[in-house]
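Only one structure is covered here, and it is reproduced in the block below.
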Amino acid sequence: MRQRGVALITAVVLVAIATVLAARVGTDAALDLRRTSGIGALNQAWNVALGAEAWAAQILRDDLRDTELDDLTDTWAQPVPPLPIDGGTIEGDVEDMQGRFNLNNLLTADGGVDDASVQRLARLFQLAGVDPRWAGMLADWLDADSVDRFPDGAEDGVYLGQVPPYRTANGPINTTTELLALPGFSLEDYRRIAPHVAALPAGTPVNLCTATPLVLAALAEAGTDFGDAEALSRNRESGCFPRIADLQATLDAEQFQALQGRISETTNWFRVVSVVSIGTSQLTLYSLLERNSAGGVRAVVRSVGTE
């Protein structure tokens, strides 16, 4: 009897172990399948997003051939609603990045600071509800020297005291998120200013046809109504507004002369945002495209998930 009892207990234990192992194997198999399916969906989404980028590049090539200006009535400026693809959808848009203030314009060709651009950026910060002193601190972050040039400026001495310590860029930045490297510059500050700034090669002008209302107001200074978002939107329904001539008419000769080479009605830099959803997976691809005067378009920077 005792032997039969031991045998029964042994059998029950073995069945229990086998059940647990079977469940574990089944769970692992399900997870592996799910993981494989997710990777496959993301790979498919990546290829679809690259296809969308290529399509946008072709639109930009055609646009250069067909139109003289780059404004919000152009084909590239129309958002793409969700479109069905195999197993999901794709949507996206193209933005003229020269409609923003280029942070690298604070630099001169020799690595010095362009004081006029610092003043314009300070106005832009103020209009966006951000302390204008950050303009001077950013200028010190970018310039090639190690001298505090502004009352609120800061060089390596300040940054090496941070935890962890780091140094200033001492040159052009590649992303606007470098603003967050300035001690005390908050995420809320960044969210307020981010839609109005870009990190492009130094010397890139602002396209008046697509500039945000705050960027226009910062450029045009006091005495103009270009910063009125509703009026600006209405005026842009039929094409480029304001034109360079419109801006000239509102400024005195000295103010307008100071903007020469800093404003335009065309664009070379665009950002393509492609959002691909397949099953439960979603991929967002940000592509910074450069279009040259000959119509060539190339992807300069790609990032996934974040700008």
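Quick note: the coordinates plus some simple rules give every number you see, no bench work behind them. The structure presented is a predicted model; accordingly, all values stated were derived computationally and were not measured. Neighbour counts run over all protein chains shown; Cβ positions are idealised from the backbone, glycine included.
Summary table
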{"quantity": "Potential lengthening between Val163 and Asp228 on full extension [0.36 nm per residue; Cα-Cα distance subtracted]", "calculated": "19.2 nm"}
{"quantity": "Highest to lowest packing among 193-201, 172-180, scored as the average C-beta count within 10 Å", "calculated": "193-201, 172-180"}
{"quantity": "Whole-Å distance, taken between Cα centres, linking region 49-91 and region 245-279", "calculated": "20 Å"}
{"quantity": "Distance in nm between pseudo-label sites at Thr108 and Thr177 (7 Å out along the Cβ direction from Cα)", "calculated": "3.3 nm"}
{"quantity": "Förster radius 51 Å - calculated FRET efficiency between Asp156 and Gln257 (Cβ-Cβ, nearest 0.05)", "calculated": "0.90"}
{"quantity": "For region 66-211, with +1 on Lys and Arg beta carbons and -1 on Asp and Glu, the positive-most of Gly157, Ala135, Thr204 along the dipole", "calculated": "Gly157"}
{"quantity": "Highest-first arrangement of 133-145, 85-97, where packing means the average Cβ count within 10 Å", "calculated": "133-145, 85-97"}
{"quantity": "Inter-label distance, nm, simple model (7 Å from Cα along the C-beta direction), Ser186/Ala54", "calculated": "4.6 nm"}
{"quantity": "Quotient of Cα Rg and 2.2 N^0.38 Å for region 100-264, N being how many residues it contains", "calculated": "1.06"}
{"quantity": "For peptides 71-77, 108-114, sequence by mean Cβ density within 10 Å, most packed first", "calculated": "71-77, 108-114"}
